[in-house]
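> The structure under discussion is supplied below as structure tokens; questions concerning it will follow.
The numbers here are math on the coordinates, done by the rules we state, and not lab data. Being a predicted model, the structure only gives us computed values, none of them experimental. FYI the Cβ positions are ideal-geometry reconstructions off the backbone, even for glycines, and counts take in every protein chain you see.
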Amino acid sequence: MNATELQAERRAKRFWVTLVVVLLGLQLVIGGISIHLATSDPTVAVIPDYHQASLNWDAAKAQRSAAERLGWKLRLSAAEIADENGFRAVELQVENATGEPVDELQVAGQLYRHARAGELTPISLKSVGNGRYLTMAPMQASGLWQIEVTVDGASEPMRKSITITAAGE
């Protein structure tokens, strides 16, 4: 082998070794970006408390059906129109088995947008009399929103949930 052939062979070896190293490095970079996106992107989230609710399925189901079992009516609603700051009125109306409004309950819950299920916002509804409980909830972004409330103070805890579609600002 002469010097020209040796030099050509060295260049070929360097090229192929460099190509393999670059391709492996590219694979590592793509994997790192994928891991970062999967762990930090708020749009990739599981429904809040899904695992805990599945472990306590019987208790969660009992809370969801408590109002029906007791003959109570829980009507949860949210305003279609937001104020200038993106807050919407959320109202819960509570009637007992005889149709009378029920005051003096503790109503708390949470809301989240389906597109960002990992971003929970706690809410607390205050009694305004006549069985009505109100709060102003921050729902600035458009899309599907889940509102879940738990009612304490009756003979057993009750839970009510609704999904609403909110128009953006």
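> Work from the charge dipole of the chain (Cβ charges, +1 for Lys and Arg, -1 for Asp and Glu, about the Cα centre) and give the residue of TRP57, GLN110, VAL151 farthest towards its positive end.
TRP57
> At a 10 Å Cβ-Cβ cut-off, how would you order GLU104, GLU119, fewest neighbours first?
The most exposed by this proxy come first: GLU104, GLU119.
> Also, I was wondering about something else. Can you give the extra length, in nm with one decimal, that the chain gains between THR39 and ASP152 once fully stretched, where that is 0.36 nm per residue apart less the Cα-Cα distance?
Length gained, THR39 through ASP152: 37.1 nm.
> On to the next question. If neighbour count is taken as other Cβ atoms inside 10 Å, put ARG69, ARG159 in order from fewest to most.
ARG69, ARG159
> What is the gain in length, in nm to one decimal, between LEU120 and ARG64 on full extension, counting 0.36 nm per residue of separation less the C-alpha to C-alpha distance?
Taking LEU120 through ARG64 to full extension adds about 18.2 nm, to one decimal.
> Restricting to lysines 8 or more places apart or on different chains, can you count the pairs in the chain with Cα atoms under 18 Å from each other?
Close lysine pairs found across the chain: 5.
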